[in-house]
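S.K.: First the structure, which I've put down as structure tokens, then a few questions once you've had a look.
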Amino acid sequence: MAKILFIITFLGMGIVSTLHAQIEISEIPNIKRSPEYYWGEYTAPSRREAEEKALADLTKMISVRIQSTVDMATTENAERLNKDFSNIVKSYSSATLRNVKTFGLPPDKGQFYVFRYIEKTEVEAVFNERKTLVGNMYEKGLESIESGNLNQGLKLFYHAIILLQSIPDSRYEVHGKELSVELPSLINEVINQIQFVVLGDQNVAEKEREIEIQAKGKKYPITSLSVSYWDGQDQNTILFVEGKTSLKLYGSATQLKSISFTINTQYYESRKEIKEVAELWDFVQKPFILSEKKIDFKKDLVSKKQKTSSTSPLQTWVIPAIKTESLNMSTELLSDYANQIKTISIGLEKKEKVELKDSFLAEKVQQITKYNQIRFTTSQGEVFANKTWEGTEVRPLKALNRFNRIKLESPEVLVYDFGTNNELNDVNFGVFPNLYAGFQDQSRGNAEDWEQRQVIIKFMERYRTGFLTRDAVFISKMFSDDAVVIVGRVLKPGEKANPYQYVPEGKLQPNVEYVKLTKQEYVDRQKKLFTLNQDMFLGFSSFTINRTNNQPGVFGVSLRQHYQADTYADEGNLFLLVDFNGEEPQIYVRAWQPNEWNPDALINLSNFKVLK
């Protein structure tokens, strides 16, 4: 009986019951004999208890149906089999069993009799919803792999395998592919076509070695990839962004002649992105994927020879020549820019206080160094000075950011902003060169369009930096219900009126109340997490800027945001509506959708009607 109650606690939450069903007691034997129904009955001193126990009896019949087809998906330990299976049933709690009907008799000698039943087709609809979810994950995973986002693709494939094991008759075909076979095969195919090439290998200081590595794909491009490795003392995770990363080795690890990368496929930290995956994680067999690849540093070295220096790399670090393209800037001014950048960069890396007249910049540098472990790479690529809405920017300066508690290393670029007085007044973690160039290509030949897109890019860079510096004030203002002006170093209130109306498209998109509630919950939660976590990483696995065709100067910004900290990991979609038609560009709409990835459920620019 305890097992039945365990199941019903979770499955019963989603059941819609029709009390006082219009049947005669004489029909009950026919329902029991019919192969078209699941049913349960119970007699108890209270009507409520009889209803709950009858529902538990009905659920037991459903569970027997599932268990007969998915036993092999559970762990092989016989003692745990029933418990593990109960948790497979639990994973259906987010679905609703519709049209459960209830028949009850008046009390007889203080006892209530209740009979509950549901058509099997209604239960099959719930199972089919799970199949649809798996199919959508498969399709989205294929799109991600083909675009080079191996992180997203491998995660969706692996988590779809987890879900597939909870589906009765788990043989499920999509486009003629049987997914229980196709999904593991795809994961192995993706892994097998990955090659790692060493681009540079230098001893940059005593007991400090820097290795630049590129991930290449024989069949698919690689824009994002996550691998883990053992550095001789600990297991770490490192991210490849735009196919490249820099590996920093210290102490005895500088003597390593090779290293083994394990390509991440499970994405345990992202299991809560889909609730059902999290509920099943500990109770089904997870496939073992052989994803280790050894890199021989000497054999794979293709460019720079090793060199040894006894001095700190920052003492000899030189900012590459800053390219100006169409900007009319003197050699002396560019040299001044480089010196200001170097001063701030040394402070960022050495965690030393930099004496600055600009109090805003001084505080920001202090916050960056407090929460981040930045190391600039010796192999800097091209660096550009670009005109911006508010002055001039210099980008990108390549670095690594290390998060010791969550054992994560992330390639980064930093962007430096100069005001009209040519004084450095801001520094932020930036988007990578290929993404920046892609946005430029979208505006090719349209200077005004590029100016507006650049404002959005720089604002999103400030937004991400706000998380990496625990700027709760910035995050709060950014998610306020009022319009927000997004140029300048500090967010300012915009126009009070909101000229846009949200209209959901399709049954999967949320209503306005949900969006508002989720937004406030998000802000409140972030404030708490800022105080609880020492390490906090925020990354964008996708970033798109779309423009309306019928309303010039209006853009929709969509970001796939993944977040990892000491005590918490999360993923979701952020949408912003930005309007450039006023005196200053403003955000009018912000929508945060946690743990949502289905394209049909995501809020986008087409959801908004202009009221002005």
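S.K.: If you average the alpha carbon positions of region 108-145 and of region 397-416, how far apart do those two centres end up, in angstrom?
M.R.: 44 Å
S.K.: Can you work out the Karplus-derived ³J(HN,Hα) for every residue in region 360-377? Use 6.51 cos²θ - 1.76 cosθ + 1.60 with θ = phi - 60°, whole Hz, and x for glycine or proline.
M.R.: 4, 5, 4, 5, 5, 4, 4, 5, 4, 5, 5, 10, 9, 10, 8, 10, 6, 7
S.K.: Could you list, in their original order, any pairs among Lys353/Lys527; Lys248/Lys527; Lys275/Lys527; Lys155/Lys216 whose Cα atoms are separated by more than 29 Å?
M.R.: Over 29 Å Cα-Cα: Lys248/Lys527.
S.K.: Only Lys, Arg, Asp and Glu count, each charged at its Cβ (+1, +1, -1, -1), so figure out the dipole size of region 145-244 about its Cα centre, rounded to 20 debye.
M.R.: Using only the charged Cβ atoms, the result is roughly 240 debye.
S.K.: Taking the Cα centre of region 311-430 as origin, work out the dipole magnitude from +1 charges on Lys and Arg Cβ and -1 charges on Asp and Glu Cβ, in debye rounded to 20.
M.R.: 660 debye
S.K.: Whole-Hz Karplus ³J(HN,Hα) for region 260-271, in order, using 6.51 cos²θ - 1.76 cosθ + 1.60 and θ = phi - 60°, x for Gly and Pro?
M.R.: Running phi through 6.51 cos²θ - 1.76 cosθ + 1.60 with θ = phi - 60° gives 10, 9, 9, 6, 6, 10, 6, 6, 4, 5, 9, 4 Hz.
S.K.: So, one more: Residue farthest toward the positive end of the dipole of the chain, with Cβ of Lys/Arg at +1 and Asp/Glu at -1: which of Leu290, Ala321, Pro221?
M.R.: Of the candidates, Leu290 comes out farthest on the positive side.
S.K.: Short version: ³J(HN,Hα) in whole Hz for each residue of region 41-58, in order, from phi by Karplus 6.51 cos²θ - 1.76 cosθ + 1.60 (θ = phi - 60°), x for Gly and Pro, what are they?
M.R.: 3J(HN,Hα) across region 41-58, in whole Hz: 9, 6, 10, 8, x, 10, 4, 4, 5, 4, 4, 5, 6, 5, 5, 4, 5, 4.
S.K.: Compare the Cα positions of Gln501, Leu468, Ile486 along the charge dipole of region 455-516 (+1 at Cβ of Lys, Arg; -1 at Cβ of Asp, Glu; about the Cα centre) and return the one farthest towards the positive end.
M.R.: Highest projection toward the positive end goes to Leu468.
S.K.: Under the Kirkwood approximation applied to all pairs of distinct alpha-carbon atoms, what is the hydrodynamic radius of region 351-391 in Å?
M.R.: One over the average 1/r among Cα pairs gives 12.9 Å for region 351-391.
S.K.: Also: Run the simple label-point estimate for Ser330 and His175 please: 7 Å along Cα→C-beta, distance reported in nm.
M.R.: Result: 6.0 nm between the two label points.
S.K.: Just flag the trypsin sites (Lys or Arg not before Pro) in region 241-287 sitting in loop per DSSP whose Cβ has no more than 14 other Cβ atoms within 10 Å.
M.R.: Answer by residue number: Lys257.
S.K.: Under a straight-distance cross-link criterion of Cα-Cα below 19 Å, which lysines are reachable from Lys507, leaving out those fewer than 8 residues away in the same chain?
M.R.: In chain and number order, the partners are Lys131, Lys516, Lys609.
S.K.: Counting other Cβ atoms within 10 Å, which GluC sites (Glu not before Pro) in region 458-544 have at most 13 and lie in a DSSP loop?
M.R.: Glu505
S.K.: With every atom except the alpha carbons ignored, what do you get for Rg and Dmax of region 311-430, in angstroms?
M.R.: Just the Cα atoms of region 311-430 yield Rg and Dmax of 14.1, 46 Å.
S.K.: Among the DSSP beta bridges whose two residues both lie in region 210-303, what percent are antiparallel, rounded to the nearest 5?
M.R.: 100 percent
S.K.: Which option, (i) 1.05; (ii) 1.13; (iii) 1.78, is the value of Cα Rg over 2.2 N^0.38 Å that was calculated from these coordinates?
M.R.: Here Cα Rg over 2.2 N^0.38 Å agrees with entry (ii).
S.K.: Listed highest first by mean packing, meaning other Cβ atoms within 10 Å per residue, what order do 203-216, 152-165 come in?
M.R.: With the highest mean Cβ count within 10 Å placed first, the list reads 152-165, 203-216.
S.K.: Report the label-to-label distance for Glu139 and Ser260 in nanometres (one decimal), using points 7 Å from each Cα along the Cα→Cβ vector.
M.R.: Taking the simple label geometry, Glu139 and Ser260 are separated by 4.0 nm.
S.K.: Which of the residue pairs Lys207/Lys350; Lys351/Lys398; Lys370/Lys477; Lys323/Lys458; Lys53/Lys109 have a Cα-Cα distance greater than 21 Å in the structure shown?
M.R.: From Lys207/Lys350; Lys351/Lys398; Lys370/Lys477; Lys323/Lys458; Lys53/Lys109, over 21 Å: Lys370/Lys477.
S.K.: As a test of understanding, state the convex hull volume per residue of region 460-612 from its alpha carbons, in Å³.
M.R.: Convex hull of Cα atoms, per residue: 109 Å³.
None of the figures in this text is laboratory data; all of them are computed from the coordinates on show. Owing to the predicted nature of the structure, the values given are computational and were not obtained by experimental measurement. With ideal geometry, Cβ positions are generated from the backbone for all residues, glycine too; neighbour counts draw on all protein chains shown.
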